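Only one structure is covered here, and it is reproduced in the block below.
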Amino acid sequence: MASGFTDTTVPKLIWVRVAVPVVGTALLFLAAALFYYLPAARDSLLQQKKDGLRNLVHAAWGAIDACHQLEREGTLSAAQARHRAAEVISRMRFGPEGKDYFWINDLDSRMVMHPWLPDLNGRDMSGFTDMQGKRLFLEFADVVRRDGQGFVSYHWQWKDDPERIEPKLSFVRIFEPWGWIVGGGVYLDDLASEAAMQRRRLMGAGLVVFLLALLLALVSIRQGRQADAHLRRSHATMRAVFDQSFQFMALLDLSGRVVEVNDTALAQYGLQKKDVRGKLFWDTPWWTISEDIRSQLRENISGAAHGQGVCWQTAHPDGRGGRLDILFSLKPALDAQGQPFGILAEGQDVTEQVHARQERERTLRDLAVRNEELERVAAVVSHDLRNPVVTITGFAGVLREALSTGEQDRATLALERIDLAAGRIAGLLKDLALLFRVERLEPALATVNMEELVAVCVRELQPQLETVGGEVAVGPLPEVWGDADRLRQVVSHLLANALLFARENVPLRVAVGCVASAEWYEFYVQDNGQGIRKAYLERIFDIFEQLVPNRRGTGMGLTLVRRIVEQHGGRVWAESEGEGRGTEIRFTLPRTDLPEDLMRKNFGPPRGTDDDLPNVL
């Protein structure tokens, strides 16, 4: 049996068996990066540009259609409608620098309006070609005659720099009532630079991967040679390696009895070799977790005795009343003639890996929820931004007309509508930026005095409170460990929410307090406002959920509150007895280490009805 351990030949060409997979893996990585990922990334960037450009041109087309509608209604003459449409389109800009524009030409390739090159207005552009000889205005006309709209690529002057010519992609759409072609374009130079940058990054990453793999290969070759040398040593040296292994290792005879076992397997359970040597393997303390596991082990030992190696995940008791997840293997131990003389049993503790896999699965589930939320955000933002833009465009025309005719009331109304639409856009973008910034950045944790923080928030809202005759009572509040700015956002949103849903002709009363347990501070913001039906108590924290559609706000305030509280290790929920009965938002934060007398303190005044709320601050 000893020869089965020591009579081992040195494997040949170890470096070939290690180097070939390493080089092959590096080459596959580079090939996948260059021939799949980079083209796919460039196509994705191009498609994003196309989608954005198409939507922008549709918006410009909508502005022309709005002027045409005024012509059909008789508000404007045909010439006035066309003049106004051209003027509106000439002022429309987009792009990161606000220098990208729209132009208008007709089906005869005559330029109707170009904002950067007004000298072209009225000229026949049918003979105009770019640097590659493409008659691009004829192609614009061909595309819209054939499909009504479409994309055309060509080379054009870089924005307002006549000395610079760059590749450009434009989208054109025909406005049939007037025979106009409206178009807008984006430059493609950033696609090439982005692709080049990604190519450099991937090549650098590929080189790093190759070097790391090569280093690991050299280490593996060295370790393999050392292991082979050890196998030729005496039985004593083999015993030292066997006992010092961090893995469970045992040698069984063909009937499944324990012949040898290493110290790692014994130390976990406080056993000695005499406690297990000679016993059937499935009757040892390692396998007492269940009868089903012992039965499976007996079957696998029988297979290994007949030359069938097997590896499976199982469980052991950990010797302390718990459970270890083990990746276990049985394989025949062969002598110099290739005949099995025993069974080598090995076990690796994979408890951490199992827990990590479970954590990854939870993370993937969370990501799926986040992806659904992002899809919802994209849909709502697309809708909520489009409507104000159309409103601004339409009422800008009304404003110009009113100013030209001296209709002051009508001009004032148009300005009010434009202000409302712009405010809606600004609020939506601000809340979205705040929400995603909270998701992306780690909180800056420090000691926060919640009583001072709430007082600041109340002072900031004092003008609105006075408008509704509101008062806020603040009880004693503790210091917590958290991000002061984000916790201030939580309190501000909750107080603002109470203001938003105050009842008409009922003075608003709000109470802010805290109760403490051994592990948590539980804060509450209680009001005597409109209240919430029980069916909506959970939904109000979902993004874009609004109890009263089209009310002030964007539907992201309570979502932000939930994200910030969860970042701090707490949770948030709402309580209400129903409509007209007020609302109470409660959230928890973990307790910090405080003096014993403070630990026993019960923060906050008792909660009461609308008429029993505590005195104001």
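Residue 116 meets the conditions (1) more than 18 Å from residue 50 (Cα to Cα); (2) aromatic (Phe, Trp, Tyr); (3) at pLDDT 85 or above in every case but one. The failed one is (3). Residues being out of contact with any Ser or Thr (no Cβ under 8 Å at 6 or more places or on another chain) and over 23 Å from residue 567 (Cβ atoms): count how many of those fall in region 440-468. Number of matching residues: 10. Within region 415-433, the set of residues being buried (at least 17 other Cβ atoms within 10 Å of the Cβ) and either at pLDDT below 60 or not aliphatic (A, V, I, L, M) (or both) comprises 417, 424, 431. Just one residue in the set 615, 528 is at pLDDT below 90, of a type in the set (S, T, N, Q) and either open to solvent by 20 Å² or more (accessible area, probe 1.4 Å) or in contact with a Lys or Arg (Cβ under 7 Å, 6 or more places away or on another chain) (or both); that residue is 615. Among the residues of region 558-586, those identified as part of a helix (DSSP H, G or I) and touching a helix residue (DSSP H, G or I) at 6+ places or on another chain (Cβ under 9 Å) are 558, 559, 560, 561, 562, 563, 564, 565, 567. Residues in region 459-507 that are farther than 24 Å from residue 570 by Cα and assigned to a loop (DSSP other than H, G, I, E, B): 461, 468, 469, 470, 501, 502, 503, 504, 505, 506, 507.
Summed over region 129-176, the residues that are among the aliphatic types (A, V, I, L, M) and open to solvent by 30 Å² or more (accessible area, probe 1.4 Å) give a count of 3. Under the condition of being surrounded by fewer than 14 Cβ atoms within 10 Å (Cβ to Cβ) and over 29 Å from residue 199 (Cα atoms), the residues counted in region 76-98 number 7.
It is to be established whether one or more residues within region 472-482 are of a type outside the set (Gly, Ala, Ser) and more than 17 Å from residue 592 (Cβ to Cβ). Yes, that holds for at least one residue. Number of residues in region 332-365 that are among the acidic types (Asp, Glu) and either surrounded by 18 or more Cβ atoms within 10 Å (Cβ to Cβ) or under 25 Å from residue 307 (Cα atoms) (or both): the value is 3. Which of the helices (runs of 4 or more DSSP H) contained wholly in region 246-334 include at least 3 residues that are closer than 18 Å to residue 346 by Cβ and free of Cβ contacts under 8 Å to residues at least 60 places away in the same chain? Of the helices (runs of 4 or more DSSP H) lying wholly inside region 246-334, those with at least 3 residues that are closer than 18 Å to residue 346 by Cβ and free of Cβ contacts under 8 Å to residues at least 60 places away in the same chain span 263-267, 291-305. Taken as a whole, region 443-462 holds at least one residue that is of a type in the set (Ser, Thr, Tyr) and touching a strand residue (DSSP E or B) at 6+ places or on another chain (Cβ under 9 Å). Could you please find all residues in region 508-517 being part of a strand (DSSP E or B) and over 13 Å from residue 461 (Cα atoms)? Passing the criteria: 509, 511, 512, 513, 514, 515, 516. Within region 531-556, the residues that satisfy the criterion of being at pLDDT 70 or above, surrounded by 14 or more Cβ atoms within 10 Å (Cβ to Cβ) and in a loop (DSSP other than H, G, I, E, B) are 531, 532, 537. Across region 335-346, the number of residues qualifying as of a type outside the set (A, V, I, L, M), touching a residue at least 60 places away in the same chain (Cβ under 8 Å) and more than 17 Å from residue 258 (Cβ to Cβ) comes to 1.
The values are calculated or read from the model by the stated rules, or taken from the named source; none is laboratory data. What you see is a predicted model; the values in this text were computed from it and never measured. Positions of Cβ are backbone-derived with ideal geometry, glycine not excepted, and every protein chain shown enters the neighbour counts. Keep in mind that these areas ignore ligands, DNA and RNA; they rest on the heavy atoms of the full protein, side chains included. Shrake-Rupley method; radii C 1.70, N 1.55, O 1.52, S 1.80 Å.
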